[in-house]
1. Can you pull the one-decimal nm distance between simple spin-label points at Ile13 and Val107, each 7 Å off the Cα toward Cβ?
2. Please give me, ordered by residue number, the trypsin sites (Lys or Arg not before Pro) of the stretch 51-121 that lie in loop per DSSP and have at most 15 other Cβ atoms within 10 Å.
3. I want to check the label-to-label distance for Asp59 and Val132. Put each point 7 Å from Cα in the C-beta direction and report it in nm to one decimal.
4. Show the residues, 5+ positions off or on another chain, whose built amide H is closer than 5 Å to the amide H of Val119.
Amino acid sequence: MRLNWIKPLLLIITTAALAGCATHKDELLLHGGRTMQDIWHNEAGEGGSGQVARRQLLDVRQSLRRPLTEVDVHAAPTVQVGYTRSAANEIQRQFHRLPNPDLVMYVFPHLAGTDPVPVPGYSTVFPLYQRVQYAMPGERVEAY
């Protein structure tokens, strides 16, 4: 008696699944009669060769190119001195170490080991950060 409603439900599910698979792709994906090649030729221009786009790119590049003037030639060494390596700037640090404060910890007197042995109290020092950190060139390294 409990199985009477299961058989019609399975029949409805099977019919719906088969009807979904019977749909044709042209009914779902309308492309208006244009093929991919038509779209390519329309967007690329000149029959799809892309010569127009290539010519426009060269024109833009040519407008950005300009000859160096006499002022530019004379100003270049002073502009480039900050980027050029020399013996004078090699000995200066470009990457400064960031502060890594030491922490002082006091260990109270205690018993240690399997045979409890008394250990007197002592102080120990360890750095706050595990590794040494460096600042990027030009980054502020003064006290914050």
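1. Those two pseudo-labels are separated by 6.8 nm.
2. Working: sites: Arg54, Arg55, Arg61, Arg65, Arg85, Arg93, Arg97; in loops: Arg65, Arg85, Arg93.
Of the trypsin sites (Lys or Arg not before Pro), the ones in loops of the stretch 51-121 whose Cβ has at most 15 other Cβ atoms within 10 Å are Arg65, Arg85, Arg93.
3. 5.8
4. It is His110, Leu111, Ala112, by chain and number.
Every number here is computed from the coordinates shown, using simple stated rules; none is lab data. Owing to the predicted nature of the structure, the values given are computational and were not obtained by experimental measurement. Heads up, the Cβs are rebuilt from the backbone with ideal geometry, glycines too, and the neighbour counts pull from every protein chain shown.
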